[in-house]
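So the structure is just underneath, and the comments pick up after that.
We did not get these values from a lab; they are worked out from the coordinates using the rules stated. Small disclaimer: the values here were computed from a predicted structure and weren't measured. Here the Cβ positions follow ideal geometry from the backbone for every residue, glycine too, while neighbour counts run over all protein chains shown.
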Amino acid sequence: MTTTATESVTGIPAAEQIGRDPVFDELGFPKDPNNLFTQTVGTMLEAANVIDVMHRVKIILAQPKNELMVHFPVRMDDGHHKLFKGYRVQHNNALGPYKGGLRFHPDVHLDDVKALALLMTMKCSLVRIPFGGGKGGVKCDPRALSVSELERVTRRFTAAIANDIGPDYDIPAPDVGTNAQVMAWIADTFQMSSSERHATDGMRVVTGKPVEIGGSLGREKATGQGVADVMAEMLPQLGLPIEGMRISVLGYGNVGSWAARILQNMGATVVGAMDHTGGLRNDTGLDTHALAEYCARHGGIAGFEKQAPKTESGQQAGRGATPISEDEFYETPVDVFIPAALEQMIQEKQSRQLKCRVVAEAANAPITPAGDRILLERGIEVLPAILCNAGGVTVSYFEWVQNKSCVSWDEETVDRELNRHMCMAARRTLLAKQQYECGLRTAAYIAALEHVSKVYKVRGIFP
Ligand code: NAD
């Protein structure tokens, strides 16, 4: 074992250690400890050093295989043209085609996309699905675009990257700011620019499609379902059964709202929720289903307590909910806090504020290394993102398999297979934690790296 003293105790690199691994010098990495890509590679290398991953595998995984950046003009509704920037990063395809979401957000940057692509390689390997890692996005604010502008941005971006994606090469999916409709436009654009002979197969170029055009039942809720599956598998061992558990959720989009609804259906009480528009608290439990409908209609949580429609029982769904500040949200006492918004939101300050026993990372990289260290000091367990939120890509894999073999699975089959994959990944992580006496995050990376390393060992490196 070549692990550092700090790693063997905590599994979290100290700020001054981020970027110190010799691989960073060898590859000429920038040393900024706040850079998400540097942090993510640092976490991966920490785990790789615990199990003595081959040097050649470490350097391959420390950089993406391909980084594509495109600029493309789009006609806006008022007739003027605007230039957009888009990215597709293909991190690794040793296990299978590149796979990962597309994000439409004003803060999309190359290094963040690279970090998210690396996380996809780790996630697919941990869950043992035959995909590599990729990620992409367009720097734009989808909320500020009309539907027809959003469609033109999507189609023009697809045309710009069409030669670099494909059903057996690189398969995008939804992420922040994109959804099944966006996937439908991508599939249609890709299909229209493919030879007619391969047209049907072209639909496999994206997953997360609407069910009508080959999407899988259970895909929309899959990431939230996977979070719930992992929690149900791991938390009772910590004396935290889902029944009666108190939860708060940061981010109430696809992942956060589905996790909240599914966990409430399983007997948990969701007492707090916050998104970019505001926060809410209700100690007797928010109506998670009504809140999801409200957010889909109004674009966010704000106003739910006053404007939510009536439930079947005739009561206003937002009754009992109180608007709260950001500080009040983080300080709301719960058993489990679920970050399901963006990266790096849980920094030192928020980690000190949290009053919970467990953080279940539904978002990618929601906690900074400094925040992580504080949670560790405070004895708060963290269920790592590459395990917790792998449900989305797992059902994406099921969608791809269904499309490839021209069959449709019923929702029960999708849910059962998802649960099986998530529980196996959770057990793999727990086994690595026991075997290497490390934290869950390092353990999840170890379980992922063991598989990808074996694949490199048997495949060798060409030539
Ligand atoms: P989404 O766009 O549906 O929702 C994002 C949510 O984050 C929204 O509720 C938004 O209001 C909230 N948010 C944004 N900025 C915020 C801020 N400053 N403060 C508070 N809330 C804020 O996105 P999503 O698909 O639910 O993705 C959420 C996270 O889960 C991301 O990290 C994404 O990469 C990850 N993820 C998504 C999937 C998937 O299948 N969609 C799969 C795996 C991981």
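Highest-first packing order for the peptide set 365-375, 262-272 is 365-375, 262-272, based on the mean count of other beta carbon atoms within 10 Å. Less than 5 angstrom separates the built amide H of Thr269 from those of Gly244, Met245, Arg246, Ile247, all sequence-distant by 5 or more or on a different chain. With the highest mean first, a sort of the peptides 19-27, 205-213 on other beta-carbon atoms found within 10 angstrom per residue produces 205-213, 19-27.
Classification of the stretch 395-463 by its C-alpha gyration tensor yields an oblate form. The axis ratio a/c (a ≥ b ≥ c) is 1.5 or more, and b/c is at least a/b.
Backbone phi angles across the stretch 239-245, fed through the Karplus curve with coefficients 6.51, -1.76 and 1.60 (θ = phi - 60°), yield HN-Hα couplings of x, 10, x, 5, 4, x, 5 Hz in residue order; Gly and Pro are listed as x. Judged by the gyration tensor of its Cα atoms, with axes a ≥ b ≥ c, the stretch 98-231 is rounded; a/c sits under the 1.5 cut. Relative protection proxy for 283-290, 46-53, 405-412, from highest mean packing down: 46-53, 283-290, 405-412 (other beta-carbon atoms within 10 angstrom). Counted over the chain, the DSSP beta bridges are approximately 50% antiparallel.
The distance linking the stretch 284-348 with the stretch 57-105 is 32 Å (Cα centroid to Cα centroid, whole angstrom). Only beta bridges with both residues in the stretch 203-280 are counted; by DSSP, about 40 percent of them are antiparallel. If you take the Cα centroid of the stretch 396-453 and the Cα centroid of the stretch 107-123, the two points sit 19 Å apart.
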